[in-house]
Amino acid sequence: MSAIHSIPFLYTISGFAVGLLVGMTGVDGGAPMTPILILLFGIHPAAAVGTDLLHAAATKSAGSWVHGYNSAINWRVVRRLATGSVPTTVVTIAAMSVLDINGAAGRNVINGALTAALIATALVLLFRDRIIARFAVRLTSFAPKQVAALTVIVGGVLGTMVSLSSVGAGAIGVTCLLLLYPRLPAVKVVGSDIAHAVPLTLAAGIGHWLLGSVDFAVFGLLILGSVPGILLGSHAAVRLPEPALRVVLAATLLVVAAKLSVGLLASPSNVVAVESGGRH
């Protein structure tokens, strides 16, 4: 682990910063938080994902309360997303139980999934407006039943992504909802996405806990900062512009993804594979 792993208040500061960002934009807390735990604090990727999932369940519960109080949640959309995400989360966790996720193989799988999820999130943050402009017209011609079915499918994809990487339920989920529900106010899109993330991250977090990949000491320190952060950010969500913030965050995620991919290529298991391949 990193030397700063032993400085508890840094976890709390990180939690506050990420909670503030989640509340303001609806972006994944896992997008910045999981890489922070891996790269800054030196935590094993499996433990980083599992810890962040339970952390996200707690913080987004607080954020959901604020958005619900402000009548900024469409519960029908939340139910549709959860209908797809919770079952795929259970299936993904069951598949991960076959692997030793706390070992080298698990490190590579999670780092690979996290790298891909970060790149996808960054691209969505950068090109959200273009994506919506390109596909929104086509989707408006869909019948209500088709929209409902697509929402369930989106939930299913998010369930797998989040279970593997703790990333995906924010920026990607929000963009999909903007496409599927163009008449839904943006604040309700963010609120509904945050509300859906509660059962999704809770189910995935419990799964990781059962697999032994949750650090409860770190979890507690993150919560001390993130709950106040997301409450403040949720109150400010309708007051602060986010385009510049999205660009900065996307650039940061791309840099982090590049660093993770370099670490993945340089991991001991890959070195062994290259060496063994060279002997044949």
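The values are calculated or read from the model by the stated rules, or taken from the named source; none is laboratory data. Quick caveat, the model's predicted, so the values are computed rather than measured. Surface areas here come from the heavy atoms of the whole protein model, side chains and all, with no ligands, DNA or RNA. Shrake-Rupley method; radii C 1.70, N 1.55, O 1.52, S 1.80 Å.
Give me the lysines in straight-line cross-link reach of K60: C-alpha distance below 22 Å, same-chain residues under 8 apart excluded.
Straight-distance partners of K60: K188.
Using alpha carbon centroids, what distance separates the stretch 189-214 and the stretch 97-162, in Å?
That distance is 15 Å.
How large is the accessible surface per residue of the stretch 170-212, computed with a 1.4 Å probe and reported in Å² as a whole number?
I get 33 Å² per residue for the stretch 170-212.
What is the percent carbon and sulfur in the accessible area of the stretch 59-123, measuring with a 1.4 Å probe over the protein chains and ignoring ligands?
66 percent
Give the span of the stretch 86-201's Cα atoms along each principal axis, as three whole-Å numbers ordered largest to smallest.
Between the extreme Cα coordinates on each principal axis of the stretch 86-201 lie 46, 28, 23 Å.
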